[in-house]
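Chemist: Handing you this structure, nothing more for now.
Bear in mind that the values in this text are calculations on the coordinates, not laboratory data. Here the structure is a predicted model, which is why all the values come from computation and not from measurement. Quick reminder, even Gly has a Cβ in these numbers, built from the backbone with ideal geometry, and neighbours come from all protein chains shown.
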Amino acid sequence: MTLHKHSWQLIKYDLVLLFASTSALLMLMDIRAQQFGVKPFLMYVAAWGLCLFLSRAKLGIYSHIWRYGNAALYLRLIIADFLAGFIANLVSLAMHIPPSVTPALVAAGLFNLLLAIGMRLTYQYLLDNASRQSWKILQSRRLAKDLLGVDIQPDTEKRQRLNAAIVGAGSLGAALMEEMLKGQRSDYQPCCFIEIDPEKIGRQINGIRIFAEEDITSALVESLSIHTFIFAISDMTVERRKAFYERYREFGCKLAIYDYPSVEDFKNEVRRLRAFDIEDLLFRKPRYVMGGEIEAYYRGKTILVTGGGGSIGSELARQLAGMQPKRLVLLDVYENAAYDIQQELKNSYGGNLDLAVEIISICDEGQLDHVFRKIRPDVVFHAAAHKHVPLLEKNVVEAVKNNIFGTLNVVDCCEKYEVEKAVMISTDKAVNPTSVMGATKRVCEMIFQSRTDSKTNFCCTRFGNVLGSRGSVVPLFRRQIEAGGPVTITDKRITRYFMTIPEACQLVLQAGAMSRRGELYVLDMGKPVRILDLAEALIRLMGHEPYKDIDIVEIGLRPGEKLFEELHIQGEEFEKTENELIFVERDKPKTRQEIAATLEMLHEASDQNDDAAAKRALKKAVPTFSGEEMTA
């Protein structure tokens with residue numbers, strides 16, 4: 001057993017306590033050591049000390065930093081001392097110590113345990129209250145350092161902390177309070193709790209009072225100098241979170257949440273303090289669909305992600321990197337984006353992840369074939385695509401070449417090199433498309449679904465908008481708000497389905513693991529969100545008042561845009577999977593021959609480099625495409 005130098009110092013102090021407490025108590029009880037001899041007495045104390053050391057060391061008492069000692073650790077100390085006392089009593093019998101001395105020795109042991117606990121509690125209390133008391137009352141810095149494993153520096157400069165009101169006086173709120181008090185670098189000082197449970201209201205937790213929610217007024221906020229309201233409530237629904245947000249934002253204070261902020265932290269059961277964000281105001285509960293069987297599927301496989309530097313591709317890479325793949329390959333034509341995610345993963349995983357980056361376009365059939373031949377992937381995630389709706393309305397030929405024929409190149413390579421499974425990322429804009437982007441993605445779905453007779457298992461995933469992706473509405477709104485407004489929306493009636501990027505990637509990973517043949521998976525995304533509500537909420541989150549500080553103006557629908565998005569096509573078979581959050585559509589796929597004829601038509605149109613001709617070909621390929629006609 002290896003002990004840290006601080007552990008040896010703690011052992012030294014414990015032995016000093018043992019000798020002092022034993023001697024003092026024996027003298028106090030008028031029992032002289034000479035009754036059985038000084039030498040046997042010293043031998044007994046030494047034997048007792050050895051028993052204490054071995055017992056406490058065996059139970060890990062000296063391997064902990066007592067700065068963070070909890071009830072379980074103190075209970076372990078008590079058990080260790082009782083075990084040592086039992087062994088020491090056996091030693092006393094062997095040494096023929098008079099029976100009249102035994103009660104005093106037992107009392108001495110209990111007194112020593114009390115002193116050991118008291119010493120640890122005292123310094124732990126001083127450390128926990130360092131933010132409110134000067135460490136000048138601590139006479140021995142060395143003693144605190146030896147006991148607790150940290151160097152205590154007296155505050156030469158008063159650290160100014162911000163007062164925080166903790167909404168929720170349950171176990172989570174108490175844990176947050178402890179974290180604030182123990183964290184010497186914490187920016188916050190808890191000043192009160194806020195509760196709705198009448199059994200808790202009016203009481204205190206470690207000297208911090210619990211107020212009723214209705215007691216929180218502007219006058220009280222001012223008197224307590226509350227800077228931030230922190231929500232610390234387990235399993236808080238979106239509706240309740242939104243109600244809290246509306247209630248407390250009126251005081252003009254900062255709002256924060258102490259909870260699981262992301263899929264990664266949710267998985268690792270790590271809580272942290274984070275700013276209230278726009279995701280918290282979506283009108284649905286975040287979906288966490290990952291499971292151990294999903295990770296098991298990807299473990300040990302060579303995985304290729306096209307568009308690996310994009311918003312979806314890079315998040316797929318992050319989640320896959322934690323599943324112990326044999327090799328992870330990111331393919332992208334934009335080297336800056338690919339470089340960023342490469343460096344991030346290298347910093348996170350180092351040599352534990354076999355990571356490669358290929359800078360090529362999926363339109364380059366020869367280079368793509370070379371990559372597939374070289375790496376021989378087991379699983380391919382196809383996330384590469386042009387996605388900006390207004391831009392593609394004026395660049396139809398490029399949209400057809402990249403989205404459709406680039407996808408065809410990926411599919412052909414998957415079949416040629418017998419990839420086990422290929423998963424395509426689609427969009428709700430492919431349903432009854434009104435845009436070139438949506439129409440091209442619908443053709444891509446049709447290509448994937450036509451390969452039902454292939455050795456490769458092809459499947460598609462379809463979902464709505466993802467918050468925070470490049471070019472999406474939230475980053476645009478943020479930039480407009482930072483610039484002083486106005487925030488521009490196309491139409492106040494417009495609605496969209498939303499989810500976070502990690503959620504979207506979970507759907508893709510889930511679909512890849514559960515797919516059997518040619519399915520098109522759709523996530524239950526809850527209710528659509530009005531873009532106007534999203535804009536107003538984001539303005540408030542950034543500390544402004546809609547229409548007063550920052551205006552919101554309509555600019556009209558852009559070419560190819562819809563008022564309302566759809567997630568499935570009328571007439572398609574729509575059924576549940578074993579995961580209640582994921583559905584599958586099983587419309588009758590087109591045959592290879594039918595798709596080949598469609599692609600030939602699109603190829604001829606795109607070869608003319610004529611956007612109007614390419615758009616007319618798209619209308620024939622996708623009968624539900626209702627985009628506006630273009631003039632040549």
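Chemist: Modelled label-to-label distance, Leu50 and Ile87, 7 Å Cα→beta-carbon offset: nm?
Modeler: 1.0 nm
Chemist: Let me ask something else about it. Where nothing but the Cβ of Lys and Arg (+1) and of Asp and Glu (-1) is charged, how large is the charge dipole of segment 292-621 around its Cα centre, in debye to the nearest 20?
Modeler: 120 debye
Chemist: Which residues' amide hydrogens lie under 5 Å from the amide hydrogen of Lys326, considering only partners 5 or more residues apart or on another chain, with H built in the peptide plane?
Modeler: For Lys326, the qualifying residues are Gly300, Lys301, Thr302.
Chemist: Hey, quick one: spin label on Asp354, modelled 7 Å out along Cα-Cβ, who in segment 479-520 has an amide N within reach, i.e. under 13 Å?
Modeler: none
Chemist: State which entries of Lys429/Lys455; Lys416/Lys619; Lys394/Lys429 exceed 21 angstrom in Cα-Cα distance in the structure shown.
Modeler: Lys429/Lys455; Lys416/Lys619
Chemist: Enumerate the amide H contacts of Glu358 below 5 Å, restricted to partners 5 or more residues apart or on another chain; note that Pro and chain-start residues carry no placed amide H.
Modeler: Leu330, Leu331, Asp332
Chemist: For labels at Ala71 and Glu545 in the simple 7 Å Cα→Cβ model, what's the distance in nm?
Modeler: Each label point lies 7 Å from its Cα, and together they span 4.7 nm.
Chemist: Here is a further query. If the chain between Leu557 and Ala275 were fully stretched, how many nm would it gain, using 0.36 nm times the residue separation less the Cα-Cα distance?
Modeler: Value of the extension gain: 98.3 nm.
Chemist: Quick one: which residues, 5 or more positions from Tyr188 or on another chain, have an amide H under 5 Å from its amide H? H modelled 1.01 Å from N in the peptide plane, none for Pro or chain starts.
Modeler: Leu162
Chemist: Also: I'd like the distance between the alpha-carbon centres of segment 209-229 and segment 411-428, rounded to an integer number of Å.
Modeler: So the separation of the two Cα centres works out to 57 Å.
Chemist: When Lys and Arg each count +1 and Asp and Glu each count -1, what net charge do the other residues less than 12 Å away from Ala80, Cβ to Cβ, add up to?
Modeler: +1
Chemist: Neighbour counts of other C-beta atoms within 10 Å: give me Arg299, Arg209, Arg451 arranged from fewest to most.
Modeler: So the ranking, lowest neighbour count to highest, is Arg299, Arg209, Arg451.
Chemist: Let me ask something additional. In nm, to one decimal, how far is the modelled label at Ile196 from the one at Arg517, with both set 7 Å along Cα→Cβ?
Modeler: Rounded to a tenth, the inter-label distance reads 5.2 nm.
Chemist: If you rank Met177, Met542, Met119 by fewest surrounding Cβ atoms within 10 Å, what's the result?
Modeler: Arranged by neighbour count, lowest to highest, Met177, Met542, Met119 become Met542, Met119, Met177.
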